[in-house]
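Notes follow once the structure below has been shown.
The values are calculated or read from the model by the stated rules, or taken from the named source; none is laboratory data. All values reported here derive from a predicted model rather than from experimental measurement. Cβ atoms come from the backbone with ideal geometry, glycine included; neighbour counts cover every protein chain shown.
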Amino acid sequence: MIATESLTMRYPRVTALDRLSLDITSGVTGLVGANGAGKSTLIKILLGLMPATEGRAEVLGLDVATQGGSIRERVGYMPEHDCLPPDVSATEFVVHMARMSGLPPTAARERTADTLRHVGLYEERYRPMGGYSTGMKQRVKLAQALVHDPRLVLLDEPTNGLDPVGRDEMLALIRRVHTDFGISVLVTSHLLGELERTCDHVVVIDGGRLLRSSSTEDFTQDTGSLAVEVTDTDACPDGTAALLAALTGAGLTARPAGRAADGSPASGRVLLVDVAGEETYDVVRDAVAGLGVGLVRMEQRRHRIAEVFRDEQPHEPHKGGAGHAA
Ligand SMILES: Nc1ncnc2c1ncn2[C@@H]1O[C@H](COP(=O)(O)OP(=O)(O)OP(=O)(O)O)[C@@H](O)[C@H]1O
């Protein structure tokens, strides 16, 4: 669907993309990175709206440098920022966008009605968009990206500004874009966790560079870590700390699960123990028994994407990639 090769974008003061090579196949792919990581820049280059400084990219086999028009015919785009005219209705706007994409008038009206219904806008679609909530505006932005039945949609931060319920609804909608219509999706977010349930594949970029690209399953698979929680006793008033010391003393690698981003322990009573082999379970059992504390739970744990990202994120600031997005 999308392939880039050493794609580089240098603005006068910032390197937004730094020799980025990607190969994105069909399905739902998450493009994750902090604000300013280069996500919007990549999308604009992929749409052929802006030339890259170096490198090359193809979307649906079309060259972004020379075939931007053909790409935009086949690809839908949901921009990040609010871009809806306040005094027209969703129906008028989406019909207009459908016509701009080349649909004849009747087909444009029919597709608009279908698409707005699909994104969950019903009678309110006849009201001016100026009065819409953020969630409704995001739905209209999604609808206009889908109305010409593209093969691929690029969604830039579609959950921005939504409350948790609105986020969940939007993520479910995005998943259905692929399952119901077979349209592939590239969706950006600075929130790693939210893509876990929605995407088949996740690409993480930082300072315009590729940090990791793999299937969501690989990100979150069992990583051989064991979550252990124990009680306190009179003899052992901080059972968690005592167990951590005992396990470390026995040669295991363990850390509090709630560790903060800077590595300092946060509140929380769960320890994560690296499983070195079958004997790890025995060592934990013996340590708990030796301390005389109660075992609340001991369970195999899956990594969350956010933890993988945090562990792999380079700590030194990136020379060219610092700065804020507009
Ligand atoms: N037109 C521009 N001129 C100069 N610098 C820019 C321009 N557009 C973006 N940048 C810079 O390039 C870097 C990447 O920006 P980009 O908008 O692609 O990041 P992003 O990952 O989409 O972040 P956000 O989600 O906050 O928009 C940032 O440092 C930003 O300040």
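Worth a mention:
- Conditions (1) more than 16 Å from the ligand (Cβ to nearest atom); (2) assigned to a loop (DSSP other than H, G, I, E, B): number failed by Glu157: (1)
- If the condition is being under 15 Å from Gly30 (Cα atoms) and at pLDDT 90 or above, then segment 150-166 contributes Leu152, Val153, Leu154, Leu155, Asp156, Glu157, Pro158, Thr159.
- Long-range neighbours under 7 Å by Cβ, at least six apart or interchain, first residue farther than 10 Å from Ile205 by Cβ within segment 20-49, second aromatic (Phe, Trp, Tyr): Leu47/Tyr77
- Positions within segment 115-128 being surrounded by fewer than 22 Cβ atoms within 10 Å (Cβ to Cβ) and either part of a helix (DSSP H, G or I) or within 16 Å of the ligand (Cβ to nearest atom) (or both), in sequence order: Arg117, His118, Glu123, Glu124, Tyr126
- Residue match in segment 22-31 (condition: over 21 Å from Ala145 (Cβ atoms) and within 14 Å of the ligand (Cβ to nearest atom)): no
- Some residue of segment 46-56 being within 13 Å of the ligand (Cβ to nearest atom), surrounded by 15 or more Cβ atoms within 10 Å (Cβ to Cβ) and outside any loop (DSSP other than H, G, I, E, B): yes
- Selection within segment 280-299 - under 39 Å from the mean Cα position of the chain (by Cα), closer than 12 Å to Glu229 by Cα and in contact (Cβ under 8 Å) with a residue 24 or more places away in the chain: Val284, Val288, Gly294, Leu295, Val296, Arg297, Met298, Glu299
- Residue within segment 13-21 that is near the ligand (Cβ under 9 Å from one of its atoms), surrounded by fewer than 14 Cβ atoms within 10 Å (Cβ to Cβ) and within 30 Å of Gly135 (Cβ to Cβ) present: no
- Test: residue in segment 77-84 that is at pLDDT below 95, assigned by TED's automatic domain parsing to the domain that holds Gly102 and more than 16 Å from the ligand (Cβ to nearest atom): yes
Here is a yes/no grid of residues against (1) closer than 30 Å to Ser6 by Cβ; (2) in the same structural domain as Ile183 (by TED's automatic domain parsing); (3) under 33 Å from the mean Cα position of the chain (by Cα); (4) at pLDDT below 90:
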{"residue": "Ala227", "(1), (2), (3), (4)": "no, no, yes, yes"}
{"residue": "Thr231", "(1), (2), (3), (4)": "no, no, no, no"}
{"residue": "Pro237", "(1), (2), (3), (4)": "no, no, no, no"}
{"residue": "Ala245", "(1), (2), (3), (4)": "no, no, no, no"}
{"residue": "Thr253", "(1), (2), (3), (4)": "no, no, yes, no"}
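- Some residue of segment 182-195 being more than 14 Å from Ser26 (Cα to Cα), part of a strand (DSSP E or B) and in contact (Cβ under 8 Å) with a residue 12 or more places away in the chain: yes
- Residues of segment 80-114 that are hydrophobic (A, V, I, L, M, F, W, C), in a helix (DSSP H, G or I) and touching a Lys or Arg at 6+ places or on another chain (Cβ under 9 Å): Ala90, Val94, Val95, Ala98, Ala108, Ala113.
- Val140 meets each of the listed conditions (1) within 15 Å of the chain's Cα centre (by Cα); (2) among the hydrophobic types (A, V, I, L, M, F, W, C); (3) not in a loop (DSSP other than H, G, I, E, B) apart from (1).
- Leading residue by the ranking (surrounded by the fewest Cβ atoms within 10 Å (Cβ to Cβ)) among those in segment 156-184 that are among the aliphatic types (A, V, I, L, M) and either outside the structural domain of Tyr77 (by TED's automatic domain parsing) or closer than 21 Å to Leu103 by Cβ (or both): Ile183
- Listed conditions (1) in contact (Cβ under 8 Å) with a residue 60 or more places away in the chain; (2) farther than 21 Å from Val185 by Cβ are all met by Ala145, apart from (2).
- Taking segment 57-70 as the range and being on the phi < 0 side of the Ramachandran plot, under 23 Å from the mean Cα position of the chain (by Cα) and either more than 16 Å from the ligand (Cβ to nearest atom) or among the charged types (D, E, K, R) (or both) as the test, the residues that pass are Glu58, Val59.
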